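One structure is given below, represented as C-alpha cells, and several questions about it will come after.
The values are calculated or read from the model by the stated rules, or taken from the named source; none is laboratory data. Since the model is a prediction, treat every value here as computed from it, not as a measurement. All Cβ positions, glycine included, derive from the backbone under ideal geometry; neighbour counts span all protein chains shown. The protein model used for the area step is the full one, side chains on, heavy atoms only, and it has no ligands, DNA or RNA in it. Shrake-Rupley method; radii C 1.70, N 1.55, O 1.52, S 1.80 Å.
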Amino acid sequence: MSALRAPTFRATGGGSGHEPSHGGWVGPGMLSAAVAGDIFASPPTASVLAAILTVTGAPGCVLIIKNYTGDRLNFGLAAAQARAAGVAVEVIIVGEDCALPANEAEPSRRRGLAGTVLVHKVAGAAAAAGLSLANVADEARKAAAAVGTVGLSLTSCTLPGQNAPQRIPAGKVEMGLGIHGARARARTAPRRAALSAR
C-alpha cells in the first residue's frame, strides 16, 4: 500500500545536509512527506504547512521532528496553523541522544539523532495497519521513549563551500556529538569492539 493512501499521514523534515534523510524516508510504510530547509536549518513554517495541507486527508497527520529549537518552532507553528484550518495534527518530538547521563541532561533537552528513523518506521507501520491518529501518535511516542543514540565521528563536520579546519586530530574519535557537528562530550583514541559469544 502506498504511504499516501495509508489512513494517517506522516511528515517530517529538517535541514538539508543529512541526506538520505529526510527525503529518503518517504515511501510505503514510512513517511508521506518530508520538508527540507537550507543546510542545517529548519524549513520555514510556510513550507511545513504547505506539506501538511498537501498530503493530509481526513484521518489527520503525525509530525515527527527532532528536538532542535528551529524545528520545534517552525513545525510547531505549522501544526497550530493546520489545526486552525481544521486539520487534525499530532506532533512527536524525538530527543533520543543518550550521550549525556540522565542526571546531566533533562530528557526534554536531548538532541534528536539518527534513531528518529526508527520512530518513523513504527509510525509508518501503525498507519499502514489502519490505526487511528491518536494510536499512531501513541505508538510513535513509545518508540521515541525507547530509542537511544550516541553519535561518533572520525572527522569534524564541514559545510559546503567552507574551508574550516579539522577539529578532530588524526587517530582520535569524538563520541556524543550532534548531527550538526556540535562539539562532542568526549574525545578518545579508537578502540576495537569487544565481541562476546552468547
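Could you give me the ³J(HN,Hα) list for region 116-132, computed from phi with Karplus coefficients 6.51, -1.76, 1.60 and θ = phi - 60°, whole Hz, x at Gly and Pro?
Ordered by residue, 3J(HN,Hα) equals 4, 4, 5, 5, 4, 5, 4, 4, x, 5, 5, 5, 5, 7, x, 5, 5 Hz.
When a/c reaches 1.5 or more, the comparison of a/b and b/c decides; with that in mind, is the chain rounded, prolate or oblate per its Cα gyration tensor? The partial results should precede the final answer.
Details: a/c = 2.15, a/b = 1.62, b/c = 1.33.
Prolate is the answer for the chain, as a/c is 1.5 or above and a/b outweighs b/c.
Quick one: grab the alpha carbon gyration tensor of region 37-146, order the square roots of its eigenvalues as a ≥ b ≥ c, and give me rounded if a/c is under 1.5, else prolate or oblate depending on whether a/b is larger than b/c.
Numbers: a/c = 2.12, a/b = 1.28, b/c = 1.66.
Judged from the Cα gyration tensor, region 37-146 comes out oblate (a/c at least 1.5, b/c at or above a/b).
When you count, for each residue, the other Cβ atoms within 10 Å and take the mean per peptide, how do 19-29, 128-138 rank with the highest first? Walk me through the intermediate numbers first.
Values: 19-29: 16.0, 128-138: 17.7.
So the peptides 19-29, 128-138, ranked by packing, come out 128-138, 19-29.
For a quick protection proxy, order the peptides 145-151, 109-115 by their average other-Cβ count within 10 Å, most packed first. Mind dumping the intermediate values first?
Working: 145-151: 16.3, 109-115: 19.6.
Order by mean packing, descending: 109-115, 145-151.
Of 57, 136, 84, whose Cα points farthest to the positive end of the dipole of the chain (charges on the beta-carbon: +1 Lys, Arg; -1 Asp, Glu; origin at the Cα centre)?
Working it through, the farthest residue towards the positive pole turns out to be 136.
Around residue 97, which amide H atoms from residues at least 5 apart in sequence, or from another chain, sit under 5 Å from its own amide H, with H modelled in the peptide plane?
It is 111, 113, 149, by chain and number.
Quick check for you: which residues of region 166-192 have the amide N under 12 Å from the point 7 Å beyond the Cα of residue 159 toward its beta carbon?
181
Could I ask something else about it? What does the helix-only formula give at 222 nm for the chain: each DSSP H stretch with n ≥ 4 adding -39500 (n - 2.57), the total divided by the residues, and the result rounded to the nearest 500 deg cm²/dmol? Intermediate results must be reported in sequence, preceding the final value.
Values: 4 runs with 54 residues, N = 198.
After summing the helix terms and dividing by residue count, I get -8500 deg cm²/dmol.
Can you give the charge dipole size of the chain about its Cα centre, rounded to the nearest 20 debye, using +1 on the beta carbon of Lys and Arg and -1 on the beta carbon of Asp and Glu?
In debye, rounded to 20, the chain gives about 580.
Which cross-chain or sequence-distant (5 or more) residues have an amide H under 5 Å from the amide H of residue 92, H modelled 1.01 Å from N in plane?
Hits under the 5 Å cutoff: 63, 64, 65.
Now for a separate question. Need one word for region 148-198: rounded, prolate or oblate. Basis is the Cα gyration tensor (sqrt eigenvalues a ≥ b ≥ c); a/c below 1.5 gives rounded, then a/b vs b/c decides. Mind showing how you got there, number by number?
Working: a/c = 2.80, a/b = 1.93, b/c = 1.45.
Verdict is prolate for region 148-198.
Of the heavy-atom accessible surface of region 25-119 (probe 1.4 angstrom), what whole percent is carbon and sulfur?
Details: 2500 of 4210 Å².
Ligands and nucleic acids excluded, carbon and sulfur reach 59 percent.
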